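The values are calculated or read from the model by the stated rules, or taken from the named source; none is laboratory data. Please read these numbers as outputs of a predicted model, since none were measured by experiment. Note that we place each Cβ from the backbone using ideal geometry, even for glycine, and neighbour counts take in every protein chain shown.
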Amino acid sequence: MAPIVAAGTPASQPRVVGHNGRVTSLTDAERLARRYPPKRTPRWLWIPLAAALGAVLLLWTGWAGWHAAHPDVAAQVVGFTVVSDTQIDVQVTVQRDHQHLDRAVDCEVSAQAISYDTVGQLPFTWASGGAELQTDWVSVRTFKRAVSAKVDYCRIAG
């Protein structure tokens with residue numbers, strides 16, 4: 001089978017299509033060395049560097065997951081009662097970590113209207129007490145009728 005000759009090449013120097021050929025002269029080798037210099041960092045150095053970075057990322061992911069799964073304090077709305085167009089009573093349960101039972105907790109509850117607008121907020125503090133789980137009612141004053149309530153945040157005071 002005869003090789004396929006590229007168009008535009010002299011017949012005396014047939015060139016096979018799809019083949020780059022060999023570097024035949026020293027000037028070609030020098031030209032290629034200048035165009036494609038050797039890599040500055042050896043390949044064997046990247047493997048332990050990537051392994052170390054992967055180990056650090058894995059440790060950080062584990063720490064972040066553990067920290068998020070075991071917060072110092074957690075709170076949720078257990079229920080609420082719309083008293084009037086300007087007031088909603090919210091039942092909030094706060095759970096503290098056993099290490100923080102002697103510390104006060106700062107929380108904030110917000111009330112939302114049917115249009116999802118925040119129509120009232122109430123920051124309040126739970127006194128330090130001996131119970132890990134505490135439930136109580138708070139009254140939030142609103143400027144428009146509220147239809148739901150949520151805990152914005154709860155954190156250890158101080």
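Key figures
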| quantity | calculated |
| --- | --- |
| Number of the exception - THR41 against (1) assigned to a helix (DSSP H, G or I); (2) of a type in the set (Val, Ile, Thr); (3) modelled with pLDDT under 85 | (1) |
| Among the residues listed as ARG96, ARG103, the single one being touching a residue at least 12 places away in the same chain (Cβ under 8 Å), within 12 Å of CYS154 (Cα to Cα) and among the charged types (D, E, K, R) | ARG96 |
| Counted residues, the range 84-108 - those being farther than 21 Å from LEU133 by Cα and surrounded by 14 or more Cβ atoms within 10 Å (Cβ to Cβ) | 3 |
